[in-house]
Amino acid sequence: METTLEPDRRALDVLDTARQVSGGRLGTEHLLAAAAAAGGGGAARALTAAGAPAPALHAALRDRRVEWTADDGGLADAERRISAAAAHALGTAMDHARDEHAPRFTAEHVLRAVLADPGNRAAELLARCGVAPATVLAHLDAPAARGGLHPLLRPTRDAVLAHRAGRQPRWKRMLTRPAAAGAALAAVRRETDAQAERLGRRSPGTEHVLLAVLALHEVARHQRQPPGGDPDSGPEGGPADGSADGEDSALAARLGLDHARAHAALADGGLPLPADPRSVEAYLAGARDTDALLRTLLREDTRARRLAETLGADLTGPEGLLEQ
């Protein structure tokens, strides 16, 4: 008789979140939305990269104007109030973990399991966001979803490393070192020009500032991962002296935005953007640090804000992210 595998930390978060949002009957749609909210994991990264981030999935889940056509079946467990399809998906997730000889099942196992049935409510919820299950699975199998650095971010990483290598020795920088916030903003300015150039723009707009912040944030997060935890991590590691070449933006992380989707939206060329109220230089000159810069960009009717809204970012949210 097979033993029941326990969920790991992120899978447990998925189950807890799914129960909270289910309203009493847990279905595959709740497991999918909860997997997108499992921050820092491959399941959330794959859904975000595919175009179904947590804010978009939760908004579609709350939309009472649309009737469900998919059926998850009756309750498999009346006491736990879980649908037959959701119970089957969790069993399948455990089977996947056993096949891999994993000690616990993960959020990624849950995501694969709920995407295995094209007729369940999870698939319908994805369709409401205009995303196919195969697209999510492709991103789940990509190196970026497994923790690797996305190819679009390699030039940013190389630029950060080159700038760090070209600086003065640490003991000299201790005597004449600029403030960390100033170094971070200087890095954003350099990266803004690079992002605009890669998209064929001679003059950057605030959308390129947003891209720069996201790129530097993701590179910094990647470099701070433990050795061996990332197939693309390489030997570089994070800044040993606390420098801010790769600014790890707390606000960027909490908004649920990612560089790959933002870049794709701009590269497509079909996104209408207004003129920025102020120049990029004015926004940078008035910022005290990277998160303050990002808040200003997203409070005003900038090209950056329109891009963030297109990507499904909740710019107010329960925590009032832009008001802090």
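The values are calculated or read from the model by the stated rules, or taken from the named source; none is laboratory data. Since the model is a prediction, treat every value here as computed from it, not as a measurement. Cβ placement follows ideal geometry from the backbone for every residue including glycine, while neighbour counts extend to all protein chains displayed. Accessible surface is based on the protein model in full, side chains and every heavy atom, while ligands, DNA and RNA are left aside. Shrake-Rupley method; radii C 1.70, N 1.55, O 1.52, S 1.80 Å.
Overview of values
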quantity	calculated
Answer residue from the stretch 198-235, given it is among the hydroxyl-bearing types (Ser, Thr, Tyr) and assigned to a loop (DSSP other than H, G, I, E, B) and is modelled with the lowest pLDDT among those	Ser233
Test: residue in the stretch 36-48 that is surrounded by fewer than 17 Cβ atoms within 10 Å (Cβ to Cβ) and in a helix (DSSP H, G or I)	no
Failed criterion for Gln195 (all others in (1) at pLDDT 85 or above; (2) surrounded by fewer than 24 Cβ atoms within 10 Å (Cβ to Cβ); (3) within 22 Å of the chain's Cα centre (by Cα) hold)	(2)
Subset of the stretch 91-102 [open to solvent by 40 Å² or more (accessible area, probe 1.4 Å) and in a helix (DSSP H, G or I)]	Asp95, His96, Arg98, Asp99
Test result for Asp141, among the acidic types (Asp, Glu), at pLDDT below 90 and out of contact with any strand residue (DSSP E or B) (no Cβ under 9 Å at 6 or more places or on another chain)	yes
Hey, Arg112 over 21 Å from Ala11 (Cα atoms), free of Cβ contacts under 8 Å to residues at least 60 places away in the same chain and of a type in the set (Lys, Arg) or not	no
Residue, surrounded by the most Cβ atoms within 10 Å (Cβ to Cβ), within the stretch 11-25, restricted to residues that are of a type in the set (A, V, I, L, M, F, W, C) and within 14 Å of Val110 (Cα to Cα)	Val14
Qualifying positions in the stretch 62-90 - part of a helix (DSSP H, G or I) and surrounded by fewer than 15 Cβ atoms within 10 Å (Cβ to Cβ)	Arg62
So Ala102, is it farther than 26 Å from Gly256 by Cβ, touching a Leu at 6+ places or on another chain (Cβ under 7 Å) and at pLDDT below 90	no
From the options Leu140, Leu161, Leu153, Leu149, residue that is farther than 17 Å from Thr28 by Cα and either part of a loop (DSSP other than H, G, I, E, B) or open to solvent by 70 Å² or more (accessible area, probe 1.4 Å) (or both)	Leu149
Condition check for Leu12: touching a residue at least 60 places away in the same chain (Cβ under 8 Å) and of a type outside the set (Ser, Thr, Tyr)	no
Every pair of residues 6+ apart whose Cβ atoms lie under 8 Å, when the first sits in the stretch 24-36 and is within 18 Å of Ala127 (Cβ to Cβ) and among the β-branched types (Val, Ile, Thr) while the second is open to solvent by 10 Å² or more (accessible area, probe 1.4 Å) and part of a loop (DSSP other than H, G, I, E, B)	Thr28/Asp117
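Here is a yes/no grid of residues against (1) modelled with pLDDT of 90 or more; (2) touching a Phe, Trp or Tyr at 6+ places or on another chain (Cβ under 8 Å); (3) part of a helix (DSSP H, G or I); (4) open to solvent by 20 Å² or more (accessible area, probe 1.4 Å):
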{"position": "Asp245", "(1), (2), (3), (4)": "no, no, no, no"}
{"position": "Ala264", "(1), (2), (3), (4)": "no, no, yes, yes"}
{"position": "Ala292", "(1), (2), (3), (4)": "yes, no, yes, no"}
{"position": "Leu298", "(1), (2), (3), (4)": "yes, no, yes, no"}
{"position": "Asp301", "(1), (2), (3), (4)": "yes, no, no, yes"}
{"position": "Ala308", "(1), (2), (3), (4)": "yes, no, yes, no"}
{"position": "Gly312", "(1), (2), (3), (4)": "no, no, no, yes"}
{"position": "Leu315", "(1), (2), (3), (4)": "no, no, no, no"}
{"position": "Leu322", "(1), (2), (3), (4)": "no, no, yes, no"}
